[in-house]
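Colleague: Please find one structure pasted underneath; my questions will follow.
The values are calculated or read from the model by the stated rules, or taken from the named source; none is laboratory data. Because the structure is predicted, anything quoted here is derived from the model rather than measured. Note: ideal-geometry Cβ built from the backbone for every residue, glycine included; neighbour counts use all protein chains shown. Each accessible area value is taken on the protein alone, full model and side chains, heavy atoms only, with ligands, DNA and RNA left out. Shrake-Rupley method; radii C 1.70, N 1.55, O 1.52, S 1.80 Å.
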Amino acid sequence: MAEQSMAWASVLQAFQQIWGYSDFRPPQDAIVRALLNRQDILVVLPTGGGKSVCFQLPALLQSGLTLVVSPLVALMENQVQELHDKALPAATLHSQLPPPVRHRTLRVLERQELRLLYVSPETLLSPPVWERLCQPKLRLNGLILDEAHCLVQWGETFRPAYRRLGTVRKALLDCRPAGSTLPIAAFTATADPAAQTVLHEVLQLQSPQVVRLNPHRPNLDLRVKAVVSEGQRKGVLKRYLEQHPNQAGLVYVRTRKDSEAIAQQLGDRYRVAPYHAGLSSRDRRQIEADWMADKLQFVVCTSAFGMGISKSNTRWVVHYQAPCTITEYVQEVGRAGRDGNAAEALTLVSEPTGWLEPGDRQRAKFFEAQTQALQQKAQRLVSQIPPEGDVRDISQQFEHGAISLSWLHSVGQLEWVSPFQYQLNDRPGQPAKLQASASQQMHQFLHSRHCRWQALLVAFGFRSEAQRLGGCGHCDNCHSPAKARRPAAN
């Protein structure tokens, strides 16, 4: 027992030396212990909950390399820069690095001089990185999936490599001495019970410890406003901005086109810029830096903006158009009020019938049609490919081949034998209800008269906490005497 407490004392000492904190905030200590004990773990902590330190500290305390799989270049670079500022051995590899930097990082990786290596799923499985990770002498301590909800949101569409991560552990252990272990940890701010099940199954987690905190943020006021025309939508945004002069915020839209158009319309009066995945990496980094430095008051952005970018004095988030899912909603509104001071989140929605202002309904149909086209393409592929094969061959032979394989995996018609080899099975595909039910859940949330924070707690599996909360007192439904204050529907 004394030996264990002495070991924990050294952990706390390192935490204080590196980050300056004398102790952890619960449940950070439980997460650090699990990783040091080489256990699988699924962590759901609200935005701003201090997730990154929970895997960075154990990585630095152990000899060997911890792999961090992360979805966005900006997110990786921000975390690596913070570690470099502390003179800690971390690096990132991604496609936008200059060749000399990439080659230097690969050499450092081979010499086992890194403790943390940040990569995207695609980079992890690229030949230069994968071949080096398979070297038996390279010591690996863990595989961390940061922003793990991206596997659920994107793995069946434009980031199919996420769906192959479940076989990475076995493939890497097959290259190593018998008895080697490689714990997997998944970290996210938002994973409802269905998403947790997907993560557990896809990543093939082994008896994982599950650590969850509910997403309730008492300082964040949630509001939803219905509009009856596109003109009214623009007018509400205009008045809202006038009422929040010089306060940092974010305006979320659904498309690149709207990001550009609205930023241009507001550019005469405000320090604003558009932000979307179609911009160059250099332009995106510059906009992020300008917003962080208050050179821009707000950004008109798609969902491409925000992960890993923490600006504590963000006072408001406006969803000019509602996100598709509750998960996206909580992620994005959670970027406001991280300093603990009062903040607001306003979502504009078409009136419930969709007849007067059909914008939301039209956008939903557009994205639904895209999904159906993908499903149909995947089903056609089943009859055209061999029962066993390599994803790299299929990608070369068929347009969207990798995405189609990922979709077949999600509906149970395909298994990944390794990160690159698939095998079809004879089971009929299970209907993919997750996306449809998530969209319906979001619609019900937006048009509900119940307490919004209660509804969010129920959606994320915190039913008893929702019952204890009662009316939250900081959402539009609880503020308005004209609306019922009944508990959220079960």
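Colleague: Starting from the Cα-Cα distance between E388 and C175, subtract it from 0.36 nm times their residue separation and give me the gain in nm to one decimal.
Modeller: Value of the extension gain: 74.4 nm.
Colleague: Run the simple label-point estimate for D339 and H103 please: 7 Å along Cα→C-beta, distance reported in nm.
Modeller: Modelled inter-label distance: 4.6 nm.
Colleague: Contour minus end-to-end for A30 and V417, with contour as 0.36 nm per residue of separation and end-to-end as the Cα-Cα distance?
Modeller: Separation in residues times 0.36 nm, less the Cα-Cα distance, equals 136.0 nm.
Colleague: Also, quick follow-up: Which of the lysines could be linked to K257 by a straight reach, that is with a Cα gap under 26 Å, when you skip same-chain ones fewer than 8 residues away?
Modeller: Once the sequence-local lysines are set aside, what remains near K257 is K225, K234, K238, K295, K311, K365.
Colleague: Once label points are set 7 Å from the Cα along Cα→Cβ at both S95 and K234, what is their separation, rounded to one decimal in nm?
Modeller: 3.6
Colleague: Now for a separate question. Taking every pair of alpha-carbon atoms in the stretch 1-141, what share in percent sits in each 5 Å bin, from 0 to the bin with the longest distance?
Modeller: Bins of 5 Å from zero give 2, 9, 18, 22, 21, 14, 9, 5, 1, 0, 0 percent of pairs.
Colleague: Right, another one. Where nothing but the Cβ of Lys and Arg (+1) and of Asp and Glu (-1) is charged, how large is the charge dipole of the chain around its Cα centre, in debye to the nearest 20? Spell out each step's value before the answer.
Modeller: On the way: 55 positive and 43 negative charges, 109 e Å.
With only Lys, Arg, Asp and Glu charged at Cβ, the dipole is about 520 debye.
Colleague: At 1.4 Å probe size, with every protein chain present, just tell me what the per residue accessible area of the stretch 220-356 comes to in Å².
Modeller: Values: 5660 Å² over 137 residues.
Per residue, the stretch 220-356 has an accessible area of 41 Å².
Colleague: Here is a follow-up. What translational diffusion coefficient, to the nearest whole µm²/s, does the stretch 220-356 have by Stokes-Einstein, given a Kirkwood radius computed over alpha-carbon pairs, a temperature of 10 °C and 1.306 mPa s viscosity? Intermediate results must be reported in sequence, preceding the final value.
Modeller: On the way: Rh = 15.0 Å.
Rounded to a whole number, D works out at 106 µm²/s.
Colleague: A further question follows. Once neighbouring chains are kept in place and the probe is 1.4 Å, which whole percent of the accessible area of the chain is contributed by carbon and sulfur?
Modeller: That share works out to 51 percent.
Colleague: Binning every alpha carbon pair distance of the chain at 20 Å from zero, what are the percents per bin?
Modeller: Spelled out per bin, shortest first, that is 22, 56, 22, 1.
Colleague: OK, next. Just the accessible area for K365, please: 1.4 Å probe, Å², rounded to the nearest 10?
Modeller: Around 130 Å² of this residue is reachable by solvent.
Colleague: With label points built 7 Å along Cα→Cβ from the Cα atoms of R463 and E351, find their separation and express it in nm.
Modeller: If labels sit at R463 and E351, their model points lie 3.6 nm apart.
Colleague: Quote to one decimal, in nm, the extra length available between Q243 and Q135 on full extension: 0.36 nm per residue of separation minus the C-alpha distance between them.
Modeller: Contour length minus the Cα-Cα distance gives 33.0 nm.
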